[in-house]
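Chemist: Okay, here's the structure, questions in a sec.
The values are calculated or read from the model by the stated rules, or taken from the named source; none is laboratory data. Everything quoted here is computed from the prediction, not taken from an experiment. Because the Cβ atoms are built from the backbone with ideal geometry, glycine has one as well, and the counts that use them run over all protein chains shown. Remember, those area values only see protein heavy atoms, side chains included, never the ligands or the DNA or RNA. Shrake-Rupley method; radii C 1.70, N 1.55, O 1.52, S 1.80 Å.
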Amino acid sequence: MRSGIGPERVLRELGAPVVLPPAGVGSNLIDHPKVDLSLTPADALVLPDLHVYMAQTVLKVRSGMAADEYWDVHIVPTAGAGEDEHGRFVGPLTVALNVFVLTPRSSGTVRARSLDPLAPPLVDPRYFTGPDGHDRQVALDRVDLAPKLAETTPVSELATLVPWSPARHSPRRVPRRGARRQRVRVAGALRHGSKAEEGGDRVRSQRVSVFIVFIVFVLNGVIAGSWAPRIPTLAGKIHAEPGVLGIVLLGASVGLTVAASFAGRLCARFGAPAIVFASAVSAACALPVLALVTTPLQLGLVLVWIGASFGVFDVSMNVAAVTVIRRVDRPLMPVFHAGFSFGGLAGSLGAAFAAGHGVGLLPYFAVVTVASLAVTVGVIRFVPREEPATGAEERGGPDRRMLRRPVLWLLGSIAFVSAIVEGSNGDWSALFAVRERGMSEGTGALVFSVFSVAMAMVRLLGERIQRRFGPFGIVVTGSLFAGIGLLTAAIVPVAWLTYAGYAMAGGGVGLVFPIVLDLAGAVSRRSDGTGGEREIGFVTSIAYSGFLIGPPMIGGVAQLTSCRSPSASSGSSRC
């Protein structure tokens, strides 16, 4: 890097000449993460005055994820004392059993701190951040052996599981200042001093990133939920007939689908934070314009603007979510989408309150816009950013290659059907409840609310569910639950089973779309842990076409077949 070879952004920050800008320089730092079991040293444990390296005792075991005949976990007992600022071992005496992962998939980074050749480098090992939580799972699979090993006679005579006490052990010192710890020097075992402080800062930074991205999803839901419930007021203002209004409302879906198709390229070029900011501002500023329209044509054009803003907003916030998920190594995509669901609920409740109290369109939309802009400005600098693509391969035409990747079409098809289920239920569930189940308009409107709340709650618990069953099990099981729920609601003429069926459908389909986007982001992940922006945009554009054609398609199928209602068609298509 000091000689001008490395990522262009890093070189410019260092003040080095840009001679060759490959993005992967400084990435793929492989280290061995570990989990420690701290023990209390017994009085019988005395460290000799050592000046030579001693052989260590290592317990080799296999985890449930090990390859054939390969020991992927080493448990190493260590005993020694802490170092002072001069590198001397001064105590107090500590003992630990270290569970090392010998086949790590996590990769860290290293970069030059400055152009000074004597300055130490900046190293970020990024332990336990590998794909699918592999390293974490390997360690947790065999960490239970450490306390069992501590209870064996050879170990228990020298150290115990009694909690460590400074008052009891602080007087104990290593006999001479030159003595070395009796431990294997395995990278990944640095646990004290500035390293611990850097680790704590990294954890706090990751928590902030998770919270900020969650807020971005909530913001997206609030803005989206704020304008749709005011459509009846807008329709009355411009005197739009139902048929004309139906065509006009397609403008939002068209803008959504078209914009999502190129949003991934924008994120790859400029970074997700910049695109999140631009699209959020655009969506918020479009709301007051809705209050000023006077003709159906004007309304349609503004809805295209809103739809395009949300198409870019949705893709960019999902790219930011994938960045956070990679950094913290937690399956948080469903939780983020729960934020969108609750934000949409909050926005729709605010719109209903404004409509019920006679608040005009312009004052209402102005308040939403100001609040949304304030939140956007407050959080945007904390939205995580990956290295933008700089090489010719990243900038130039991978979109055609995506068209030839069956896995992306498969993920897009799953997301497409999920969007059909969600969109058709939003448009047809209340009508089905009123006409086919004899409910009043008030109780019929609650059917989609039950669907939406069930979806939001399942997404909120999505991290635990995904850790337990994995992404593929959730997609299959969730699809079955959604299909069974919709078929139950459509076939069984009992009112309470209608609510139960829609609750099953919302819970079943709730995790499918977030998990599909998470998998899409992992399809083309680069060696440095970045990438996947265009794949997310590609799959999202396919999914949003389901929102565009799904509801009219379901209505047409119900009209042309013997299905009693559009919801029955939706249930059949889901199965």
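Chemist: Note down the accessible area of GLU241, probe 1.4 Å, to the nearest 10 Å².
Modeler: Its heavy atoms expose roughly 120 Å² to the probe.
Chemist: Turning to a different aspect of this structure: Spelling out what I want: for every residue of the range 219-230, take phi, set θ = phi - 60°, compute 6.51 cos²θ - 1.76 cosθ + 1.60 (Karplus), and round to whole Hz; glycine and proline get x.
Modeler: Running phi through 6.51 cos²θ - 1.76 cosθ + 1.60 with θ = phi - 60° gives 4, 4, x, 5, 5, 5, x, 7, 9, 4, x, 8 Hz.
Chemist: Another question, if that's okay. Mind checking the per residue accessible area of the range 278-377 for me, 1.4 Å probe, whole number of Å²?
Modeler: Value returned for the range 278-377: 34 Å² of accessible area per residue.
Chemist: For MET439, MET65, what's the largest-to-smallest order of accessible area, 1.4 Å probe?
Modeler: My answer, sorted largest first, is MET65, MET439.
Chemist: Probe radius 1.4 Å, ligands and nucleic acids left out: which of TRP305, TRP496, TRP227 has the largest accessible area, and how do the rest follow?
Modeler: Order by accessible area, largest first: TRP496, TRP305, TRP227.
Chemist: I would also like to ask the following. Going by average Cβ density within 10 Å per residue, which order do the peptides 479-486, 353-360, 123-130 take, highest to lowest?
Modeler: 479-486, 123-130, 353-360
Chemist: Something else about it: Could you please state how large a percent of the accessible area of the range 436-525 is carbon and sulfur, counting protein chains only and using a 1.4 Å probe?
Modeler: 73
Chemist: I would also like to ask the following. Just to check I understand the Karplus step: with θ = phi - 60° and J = 6.51 cos²θ - 1.76 cosθ + 1.60, what whole-Hz values come out for the range 95-105, glycine and proline as x?
Modeler: Coupling constants for the range 95-105: 10, 8, 10, 9, 9, 9, 8, 8, 10, x, 9 Hz.
Chemist: Additional query: Measure off, as a whole percent, the carbon and sulfur share of the 1.4 Å-probe accessible area of the range 273-321, all protein chains present.
Modeler: Percent of accessible area from carbon and sulfur atoms in the range 273-321: 85.
Chemist: Separate question: When the Karplus curve 6.51 cos²θ - 1.76 cosθ + 1.60 is applied with θ = phi - 60°, which whole-Hz ³J(HN,Hα) does each residue of the range 290-306 get, with x for Gly and Pro?
Modeler: 4, 6, 9, 5, 10, 9, x, 5, 4, 4, x, 5, 5, 5, 4, 4, 4
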